[in-house]
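The values are calculated or read from the model by the stated rules, or taken from the named source; none is laboratory data. As the structure is a computational prediction, the values presented were derived from the model and not from experiment. Note that each Cβ is placed from the backbone with ideal geometry, even for glycine, and that neighbours are counted across all protein chains shown. These accessible areas exclude ligands, DNA and RNA; they are computed on the full protein's heavy atoms, side chains included. Shrake-Rupley method; radii C 1.70, N 1.55, O 1.52, S 1.80 Å.
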Amino acid sequence: MTPSANAANAATEFIFNRTFDAPREVVWNAFTQPEHLKHWWGAPGSSVEIARHELKPGGMFHYCMKFPDGRAMWARFIFREIVAPERLVWLNGFSDEHGGLTRNPWAANLPLETLSTVTFTEENGKTLLTVTVVPFNASDEETRIFAGGIAGMKMGFGATFNTLAAYLARRS
């Protein structure tokens, strides 16, 4: 199958909202600074090793998530837009240990990359975080498989953001 004409398939969006009991600047820092990311990013029970973190357009966040059973998974973000402390946009994909783009090791038919947009909205001293993810340059089949995985993505982001909420609470 050929990639669809649109770079991002907006018809198949994953949207996740979460309000954190912390000011926007604090949540922004937790999302953009490696010294914070390593404490909460990733699946619960995993640890994260950050190989590279360049918070600038075209910069890369390259990391390895290590699981208790010994598995390791490399991934990367390529930042496209950074508007502190309001908005982050990046291309997300799995990678090898050198930062080269690879397929999902457990579901090779998912899109090679997704486009992620995260907004940070201050609301009475709290922060509404909105994550939007769409397939990027994906075939119709990859987009269909992405759409079928949205419930799992909600569970995954929910668990990760529970970890972030606990981290923010410990820091306040």
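Assorted remarks:
- Probe 1.4 Å, protein heavy atoms only - accessible area per residue of the chain in square angstrom: 51 Å²
- Calculated [222 nm] ellipticity per residue, helices only, for the chain: -8500 deg cm²/dmol; basis is -39500 (n - 2.57) per DSSP H run with n ≥ 4, divided by all residues, nearest 500.
- Screening the chain for whole DSSP H helices with an alpha carbon extent of at least 18 angstrom along the helix axis and a mean Kyte-Doolittle hydropathy of at least -0.5 yields 150-171.
- Under the Debye formula (equal points on every Cα, no solvent term), log10 I(q)/I(0) of the chain at q = 0.10, 0.17 Å⁻¹: -0.37, -1.14
- The Cβ shell under 13 Å around residue 135 holds other residues with a net charge of -4, Lys and Arg each +1, Asp and Glu each -1.
- Our summary gives region 30-172 a relative contact order of 16 percent, counting only alpha carbon pairs under 8 angstrom and 6 or more residues apart.
- Net lengthening on full extension, residue 33/residue 56 (0.36 nm per residue, minus Cα-Cα): 7.1 nm
- R0 of 25 Å, Cβ-Cβ distance residue 140-residue 13: FRET efficiency to nearest 0.05: 0.95
- Lysine pairs with alpha-carbon atoms under 24 Å apart, the chain, spacing 8 or more or separate chains: 6
- Intensity falloff of region 93-172 expressed as log10 I(q)/I(0), Debye formula with alpha-carbon point scatterers, at q = 0.12, 0.16 Å⁻¹: -0.47, -0.77
- As an equivalent ellipsoid, region 131-172 spans semi-axes of 30, 10, 5 angstrom, where each value is the square root of five times an eigenvalue of the C-alpha gyration tensor, largest first.
- Selection from 92, 118, 104 lying farthest towards where the dipole of region 81-123 points positive, charges on Cβ: 104
- Among 17, 124, 92, the largest mean-square fluctuation in a Gaussian network model of the chain, built with springs joining Cα atoms closer than 10 Å, belongs to 124.
- Counting Cα-Cα pairs of region 58-99 in 10 Å increments starting at 0 gives whole-percent bin shares of 28, 42, 23, 6.
- Carbon + sulfur, % of accessible area of the chain - ligands and nucleic acids excluded, 1.4 Å: 52 percent
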